[in-house]
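Colleague: What follows is a structure written as structure tokens; I'll ask about it next.
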Amino acid sequence: QVHLVESGGGLVQAGGSLRLSCSASGVISGITTMGWYRQPPEKQRELVAAITTSGTLEYGDSVKGRFTISGDSSKNPVYLQMNSLKPEDTAVYYCAADVTEYVGWRLTTTRYWGQGTQVTVSS
């Protein structure tokens, strides 16, 4: 089991910046990827950014050049620096961790989610 706690959300004006952080606890040795997803009102959850333990980065098209995901070699905690925020960035932001672990005798990958943090960008 892995427990994720996000912090750093809030209200900001368009053009402003926020930094989100996500800390993992529990059996974290099996974490292979940590990422941020967001879910705008009445829309599906989408990838914002992800980072693997080997340092590979991935960003959603709408945030490239504006958001940066980072973390040390352990990727715990993981940060999401959000610059040049737009009203369309308004959403609940969720931290996620992909964990490779044994479930019984079988090696599986499980995605754990944090509780989410609200980011609201006013125009």
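The values are calculated or read from the model by the stated rules, or taken from the named source; none is laboratory data. Remember, it's a predicted structure, so these values are computed and weren't measured experimentally. A quick note on method: Cβ atoms are made from the backbone with ideal geometry, for glycine too, and the neighbour counts reach across all protein chains shown. Keep in mind that these areas ignore ligands, DNA and RNA; they rest on the heavy atoms of the full protein, side chains included. Shrake-Rupley method; radii C 1.70, N 1.55, O 1.52, S 1.80 Å.
Colleague: Looking only at the stretch 86-107, filter to residues that are among the hydrophobic types (A, V, I, L, M, F, W, C) and surrounded by fewer than 13 Cβ atoms within 10 Å (Cβ to Cβ); which one of those is farthest from Lys64 (Cα to Cα)?
Modeller: Trp105
Colleague: If you go through the stretch 16-39, how many residues are open to solvent by less than 50 Å² (accessible area, probe 1.4 Å) and either at pLDDT 95 or above or closer than 16 Å to Pro77 by Cβ (or both)?
Modeller: Total satisfying the criteria: 13.
Colleague: Can you find a residue that is loosely packed, with under 15 Cβ neighbours inside 10 Å, more than 16 Å from Gly10 (Cβ to Cβ) and within 13 Å of the chain's Cα centre (by Cα) anywhere in the stretch 108-116?
Modeller: yes
Colleague: I need a count of the residues in the stretch 63-85 that are in contact with a strand residue (DSSP E or B) (Cβ under 8 Å, 6 or more places away or on another chain) and surrounded by fewer than 14 Cβ atoms within 10 Å (Cβ to Cβ).
Modeller: Residues that pass the stated criteria total 0.
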